Amino acid sequence: MLRRKRSLKALNALLAAVFCVWVCAATAVAGNDTGNTVQLAQAEKEPKKPSRAEADMKKQMTKIMDQVFMVLNTVMSMEGLSDAEKRDRAYEFLRTFRYGEEGKGYIVAVSLAGVIQVEPNILELVGKDLRSLEDPNGIKVFEAFTRICLEQGQGWTTYLWPKSGNKEWHVPTVGLVRYFEPLGLAVVTSYTPINIDVQDMGTPYIDDQATASPT
């Protein structure tokens, strides 16, 4: 019992230290470039490049995921705990973890079978198999999470997801997915792209940088 209390105390100290280094992601809106007709025609042929703000946001999200995995790996390496206890502590960390402005950022965790293990904002989804769930544009969101984990280990995906506080209103979402092998989980965190009007429900958002290398 004493060893277990000490382990929990050490974990809490680690979490406190990690929380201190997280900062809010920058949210600046990139300006629009102007040009003549020839320049516009040429731009239409070239792939759209992410804005500086979008690139900065993705870097920040990757850093957050790195910190999350540092805590998860620490939990899984703790001595004196059974595998079930390690799993429970990891899930509890993921459920309660928040970051960003007003603490609105959170983590979703899904098994490779498509069953939701952690979804802090929509609790009724936990335990459900959502492999066949499609967003309003027909994208199978959780199937994409699984595919990224199995094929790449980490990557970006885009989809429509219920807005926090309003489950009937779906908004464009960019998700960073990373595979946590010890628990067989797709760990996901996401943000609303700043260059997309969240009320523009008819236009699917296409991410130009579909993948990222695990760090």
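Before moving on, here are some points about what is shown:
- With Cα atoms defining each centre, the stretch 130-183 and the stretch 61-120 are spaced 17 Å apart in the structure.
- Cβ-based exposure ranking for E134, E102, E151, in which fewest neighbours within 10 Å come first: E102, E151, E134
- Exposure proxy ranking for F93, F142, F69, based on other Cβ atoms within 10 angstrom of each Cβ and starting from the fewest, stands as F69, F93, F142.
- Pairs of lysine residues in the stretch 97-175 that meet both criteria, 8 or more places apart or on different chains and Cα atoms under 17 Å apart, total 4.
- Of the trypsin sites (Lys or Arg not before Pro) found in the stretch 46-120, those that fall in a DSSP loop while having at most 16 other beta-carbon atoms within 10 Å are K48, R98, K104.
Each value in this text was obtained by applying a stated rule to the coordinates, not by laboratory testing. All of these numbers come straight from a predicted model, not from anything done at the bench. Here Cβ is always computed from backbone atoms with ideal geometry, including for glycine, and neighbour counts include all displayed protein chains.
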